[in-house]
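Heads up: the structure comes next, in C-alpha cells.
The values are calculated or read from the model by the stated rules, or taken from the named source; none is laboratory data. Because the structure is predicted, anything quoted here is derived from the model rather than measured. For neighbour counting, all protein chains shown are included, and Cβ atoms are generated from backbone atoms with ideal geometry for every residue, glycine included.
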Amino acid sequence: MVIAIDGPAGTGKSTVARAVAERLGFTYLDTGAMYRAVALAADRTGRPPAEVAEHVDIELGAHVLLAGEDVTEAIRTPEVTAATSHVAADPAVRQALVAKQKAIVADGDWVAEGRDIGTVVAPDAAVKVFLTATPEERAKRRAKQTGGEYETILRDQAERDERDSTADRAIFEAPADSVPVDTTELTLDQVIDQIATLVVEAKEIGA
Ligand code: DC
C-alpha cells in the first residue's frame, strides 16, 4: 500500500510522513532527498544533472548516502536547496528519478513524500494527502528548522513556489482525488491522526 503525501515546502511533509510511517509500520520514502542528492552530485562533478540522475547511486534511510558517502547534512544547505529547485525542473531528471521511485514503491507498504507522488509516482496510491499551510507559517517553520532568517526564507520560498508552479509543472498541483489538509492551525499529532483515519478507511474499502 502507498500513502502519498504531497504539498509545497514547509508544510511539514517530512515530519508528517516520517511520523505516519513510524505509526503504521510503513517505510518512509523522501523523494526530495533524491532530487537534492542529484543536485549536489551535479554541482560537484560538473556533469549534466540528467546524466547524473540516470546513474546516481543513492541510498535512503536514517542517513542519505551518495555513492556511499553520508550527505544527509550536505543536501540541506541553502545553496543545494536553491540548486535543487532548478535541477528538479529538468524533465529528463524527473523522468530518471520517477522511474526509480516507481520501482521502489512497487512492493511493500510506503509513505512516499514529495510533490508528484499522487499524480505521477503512485497515481494508484490508496491514500493521497495534499498538505498546505499559509506562506508565512511555512517560512516560520523553515526558519525554526534551519535557523535561517525569516524574511529571506519567505522571499526565497516565494521564488521557489513560482518556479515550481510554472505552466509545464502542473504535476505540482493537488491530485484531483487527494484529501487537502491545511496544517496551519494543526499540531503534528492532529495531522497524523487525520491521515491514520484515512488509512483505516482505505483499508476498509479495500478489504
Ligand atoms: O521536499 P524538498 O524540500 O526536500 O524538495 C527539494 C526540491 O525537490 C524542491 O525544489 C522540490 C523538488 N521535488 C520535486 O520536484 N519532486 C519531488 N517529488 C520532490 C521534491
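The table below gives the values:
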{"read-out": "Verdict on A41 being assigned by TED's automatic domain parsing to the domain that holds V179, in contact with a strand residue (DSSP E or B) (Cβ under 9 Å, 6 or more places away or on another chain), modelled with pLDDT of 95 or more and crowded, with 21+ Cβ neighbours inside 10 Å", "value": "no"}
{"read-out": "Number of the condition not met by A21 [criteria: (1) modelled with pLDDT of 95 or more; (2) outside the structural domain of V181 (by TED's automatic domain parsing)]", "value": "(2)"}
{"read-out": "Neighbours by Cβ (under 8 Å, 6+ apart or cross-chain): first from the range 108-119, in contact (Cβ under 8 Å) with a residue 24 or more places away in the chain; second within 10 Å of the ligand (Cβ to nearest atom) and of a type in the set (F, W, Y)", "value": "R115/F172; D116/F172"}
{"read-out": "In the range 13-33, residue nearest to D70 (Cα to Cα) [restricted to those that are in contact with a helix residue (DSSP H, G or I) (Cβ under 7 Å, 6 or more places away or on another chain) and within 11 Å of the ligand (Cβ to nearest atom)]", "value": "A33"}
{"read-out": "Test: residue in the range 92-104 that is touching a residue at least 24 places away in the same chain (Cβ under 8 Å), of a type in the set (V, I, T) and touching a helix residue (DSSP H, G or I) at 6+ places or on another chain (Cβ under 8 Å)", "value": "yes"}
{"read-out": "Matching entry among A158, A143, A133, A125 (being modelled with pLDDT of 95 or more and either more than 23 Å from S178 (Cα to Cα) or not assigned by TED's automatic domain parsing to the domain that holds K102 (or both))", "value": "A125"}
{"read-out": "Residue among V64, V38 that is within 12 Å of the ligand (Cβ to nearest atom), touching a residue at least 40 places away in the same chain (Cβ under 8 Å) and of a type in the set (A, V, I, L, M)", "value": "V38"}
{"read-out": "Hits in the range 68-78 - residues which are touching a residue at least 12 places away in the same chain (Cβ under 8 Å) and more than 16 Å from the chain's Cα centre (by Cα)", "value": "V71, A74, P78"}
{"read-out": "Residue that is polar (S, T, N, Q) and not in a helix (DSSP H, G or I), where the choices are T184, T119, T197", "value": "T184"}
